[in-house]
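Just below is one structure, and these are the notes that go with it.
Read-outs throughout are calculated quantities, based only on the coordinates presented, and are distinct from any laboratory measurement. What you see is a predicted model; the values in this text were computed from it and never measured. With ideal geometry, Cβ positions are generated from the backbone for all residues, glycine too; neighbour counts draw on all protein chains shown.
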Amino acid sequence: MIRTRFAPSPTGYMHIGNLRTALYEYLIAKANNGKFILRIEDTDQGRLVEGATDVIYKTLEIAGIKHDEGPDIGGEYGPYIQSERKNNYLDYAKELVEKGEAYYCFCDKERLDSLKDGEGIAKYDRHCLSLSKEEIEENLKNNVPFVIRQKIKEGKTTFVDEVYGEITVDNEELEDQILIKSDGLPTYNFANVIDDHLMEITHVVRGSEYLSSTPKYNLLYDAFGWNIPTYIHLPPVMKNQSEKLSKRNGDASFQDLIEKGYLPEAIVNYIALLGWSPSTNQEIFTLDELIKNFDVKGISKSPAIFDIVKLTWLNGEYLKKMDFDKFYEMTEHIFKKAITKPYDIKKIAEHIKTRIGTINEIPDMVDFIESLPDYSTELYIHKKMKTDEAISLEVLENILPVFEAIENWDNDTIYNAMMDLVAKMEVKNGIVLWPVRTALSGKPTSPCGASEMAEIFGKEETLARIKKGIEKLS
Ligand code: GLU
């Protein structure tokens, strides 16, 4: 049974890279009828941010990424919060000390500082490795503060990552890292190994920044005599060619995107494609389709760049496909805030639905409906339609009496009236449609055509806007 885990540290917002890790872990588990576990890694007490754990729960819930075990729902392998598993870790570290795979270190800050090189980096010099048994016992008896360090053995360490392939490091490059800190809590480097083993995690999926530490973890698994999990390290998500997305810089958090009007389904779909390519050209996937199609072989080694334009496009596709009633339920309040006049808001919403990337674009798109903007007559000039101010004036003067005479004020009648004028003037459609559209909207673009707009405005407002156009052009 495949078991994956999402192991965030509650240190801030969930940026898109964090959520992508969770999604891939979820997909790998679900594609194999496995289990997806949530574990909160809060042993770095100094970095904890209040409320961050709730953000994690909420984000996973809104994104539809459901965990099978976790702090909030329990499970056979709990507790799922590392700080609550505290005593365990110390026992395991002591086991390694007994086996000669780890050792107590009593070096104080001053001594460690003195080891630092020009760049402030200190590789531990194994000073305490040579302490005698008596010295160690004496120190422990006197409550001298200590840490427990991993004793890295000589040789080379090789492992295979499913994405990055075979990796070998010379153990000389690895430091005798701290496993238990002086506060008695484990470091992340130790806790992740213990927990992944105890929680029977089969596939460790995480950011590629952990690749270089993985040999140390493997030496720990070996020291305990435990099986090493399958590793799937993911390429970083970048905000541009050179900078990584990071929660410390406040980059694109899931919450921000939701507030900017993106749909959770679209965000999830988009981030699935950030670093993974499906075997076909399909780009739009529901979560279920992702489970069916996701394959570790499609994960790329190269960094993925977070592209808001692509996300916006994808979001627009979701809006187009959405059932109208659902769309209206979600956006009615936005329309009603922007349009207080008694127009057919539903009809307006139908036109808007297929033309936006996010629902937050709605207010700007419909602002001309409530009142005609004070526009420049240059809007009447359209090269492709071959319109200019003079011909526009002629068109508006011609269409005004035609519109005044219409009794059945509906889209078809209005459209046919304009087509009659096209025939009478012996011009192309655009010569008539563009000036009318411009007079009605006062904007270079509008969410629907001239006749549709005229139908929404009703006869009185339409005539008023046409007259205003004539006045501006005269
Ligand atoms: N707590 C680590 C983080 O938030 C998790 C790394 C891992 O998945 O092993 O980056």
Tabulate in residue order the Karplus-calculated ³J(HN,Hα) for segment 383-392, using 6.51 cos²θ - 1.76 cosθ + 1.60 with θ = phi - 60°, rounded to whole Hz; enter x for Gly and Pro.
4, 5, 7, 6, 9, 9, 5, 5, 5, 5
Packing-based order for 198-206, 116-124, 408-416, 2-10, using average beta carbon neighbours within 10 Å, highest first:
2-10, 198-206, 408-416, 116-124
In straight Cα distance, which lysines are under 20 Å from LYS239, not counting same-chain residues fewer than 8 positions off?
LYS247, LYS260, LYS301, LYS310
Sequence-distant or interchain residues sharing an amide H contact under 5 Å with ASP161, placed H: which?
GLU166, ILE167
Extending each Cα 7 Å along its Cβ direction at ARG355 and LYS459, get the distance between those two points in nm, one decimal.
2.6
Relative pair counts by distance (%), Cα atoms of segment 245-367, 10 Å bins
11, 38, 30, 16, 5, 0
Which of the cysteines in the chain are isolated, no other cysteine C-beta under 4.7 Å?
CYS107, CYS448
Based on alpha-carbon positions alone, could you give the equivalent ellipsoid semi-axes of segment 6-48 from the gyration tensor, as √(5λ), descending, whole Å?
23, 12, 4
Cα point-scatterer Debye curve for the chain, base-10 log of I(q)/I(0) at q = 0.09, 0.12, 0.13 Å⁻¹
-0.74, -1.04, -1.16
Roughly speaking, what % of Cα-Cα pairs in segment 1-115 are separated by over 16 Å, rounded to a whole number?
68
Using the reciprocal of the averaged 1/r over all distinct C-alpha pairs, how large is the Kirkwood radius of segment 174-307 in Å?
17.4
Per principal axis, largest first, the Cα atoms of segment 263-313 extend in Å by 27, 26, 17
Could you derive backbone 3J(HN,Hα) for segment 370-377 from the dihedral phi with the Karplus parameters 6.51, -1.76 and 1.60 (θ = phi - 60°), listing whole Hz in sequence and x where the residue is Gly or Pro?
4, 8, 5, x, 7, 9, 8, 5
Gain in span if fully extended, LYS297 to ASP344, counting 0.36 nm per residue against the direct Cα distance
11.8 nm
Per-residue HN-Hα couplings for segment 436-450 [Karplus 6.51, -1.76, 1.60; θ = phi - 60°; Hz; x = Gly/Pro]:
5, 4, 5, 4, 6, 9, x, 9, x, 9, 8, x, 7, x, 4
Show the residues, 5+ positions off or on another chain, whose built amide H is closer than 5 Å to the amide H of TYR375.
none
Quote the Stokes-Einstein diffusion coefficient, in whole µm² s⁻¹, for segment 377-474, based on the Kirkwood radius over alpha carbon pairs, a temperature of 20 °C and a viscosity of 1.002 mPa s.
165
Go through 463-474, 44-55 and give me the packing order, highest mean Cβ count within 10 Å leading.
463-474, 44-55
Rough spin-label spacing in nm, given labels placed 7 Å along Cα→Cβ, for ASN143 and LYS336
6.6
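Starting from the Cα-Cα distance between GLU259 and GLN241, subtract it from 0.36 nm times their residue separation and give me the gain in nm to one decimal.
Taking 0.36 nm per residue and subtracting the Cα distance, the gain is 3.9 nm.
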Computed lengthening from GLU289 to SER182, 0.36 nm per intervening residue step minus Cα-Cα distance
33.7 nm
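Rounded to the nearest 500, what is the chain's calculated 222 nm mean residue ellipticity when only DSSP H runs of at least 4 contribute -39500 (n - 2.57) each, over all residues?
When only DSSP H runs of four or more count, the value is -14000 deg cm²/dmol.
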Spelling it out for ILE305: with amide H atoms placed in the peptide plane at 1.01 Å from N, the residues 5 or more places away or on another chain with amide H under 5 Å from its amide H are MET238
With all distinct Cα pairs included, what does the Kirkwood hydrodynamic radius of segment 356-412 come out to in Å, to one decimal, could you say?
14.4
